Amino acid sequence: VAALAGTVAYRRWLRDVPIRDVLFWLTLVSAPLGLTQLAPVLGLTDRWGLSNQWFIFGDSVLMTVLGQLAFMPLLVLAASLCPPGIEGVLFATLMSLFNGAGVIGSELGAALTAAFGVSADDFGNLASLLVVCNLSSLLPLLAIGWVDAAGGTGHGDGGGGDA
């Protein structure tokens with residue numbers, strides 16, 4: 001439901017915004033919002049009188065919406081660059097790449113977790129791990145210029161038709 005909300009929000013409010021701008025600003029907004037995960041770790045939710053479960057649920061919903069908002073422009077960009085007739089192949093390739101990146105991200109997360117010494121019995125460095133992971137979400141900004149080189153306005157107005 002949250003991913004659907006992100007899709008609808010993109011189509012309604014961000015469709016005419018240049019893809020580079022959408023990706024840039026969503027990345028900048030998502031990094032500090034991801035730091036809200038520190039609240040339960042540092043005991044802030046208890047001080048605020050909030051349930052950890054509901055706080056994490058709300059955080060997860062918000063981050064899912066933002067993730068979908070960031071994913072949509074990539075699909076639109078791919079559709080605008082896609083030559084007619086190979087849309088299915090391109091989409092399957094993109095999904096394979098995204099799934100592969102997810103596996104790599106999970107493995108890197110596991111390696112970072114081990115490097116920080118966080119385990120089921122020891123959460124001592126969990127706050128530091130969360131900060132490093134959230135700061136690493138800014139790394140894609142180093143490649144934002146590639147979006148300019150590829151073009152894309154958010155309309156999906158290239159060879160593959162409207163997305």
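The values are calculated or read from the model by the stated rules, or taken from the named source; none is laboratory data. What you see is a predicted model, and the numbers here were worked out from it, not measured in a lab. Cβ atoms come from the backbone with ideal geometry, glycine included; neighbour counts cover every protein chain shown. Areas reflect the complete protein model, heavy atoms only, side chains present, ligands, DNA and RNA absent. Shrake-Rupley method; radii C 1.70, N 1.55, O 1.52, S 1.80 Å.
For Cα pairs less than 8 Å apart in space and 6+ apart in sequence, what is the mean separation divided by the residue count of the chain, i.e. the relative contact order in percent?
Here the relative contact order equals 42 percent.
For the chain, report the accessible area per residue in Å² (1.4 Å probe, heavy atoms, rounded to an integer). Walk me through the numbers on the way to the answer.
Details: 9860 Å² over 163 residues.
So the chain comes to 60 Å² accessible per residue, rounded to a whole number.
Mind pulling the angle between the C-alpha long axis of helix 87-115 and the longest principal axis of the chain? Nearest 10 degrees, somewhere in 0 to 90.
20
Provide the packing ranking of 60-73, 23-36, 40-53, i.e. peptides ordered by the mean count of other C-beta atoms within 10 Å per residue, highest first.
Ranked by mean Cβ neighbours within 10 Å, highest first: 60-73, 23-36, 40-53.
Would you mind estimating how fast the chain diffuses translationally, via Stokes-Einstein at 10 °C and 1.306 mPa s with the Kirkwood radius over Cα pairs, in µm²/s?
Once the numbers are plugged in, D ends up at 90 µm²/s.
Using a 1.4 Å probe over the heavy atoms of the protein chains, calculate the carbon and sulfur portion of the accessible area of the chain as a whole percent.
Ligands and nucleic acids excluded, carbon and sulfur reach 69 percent.
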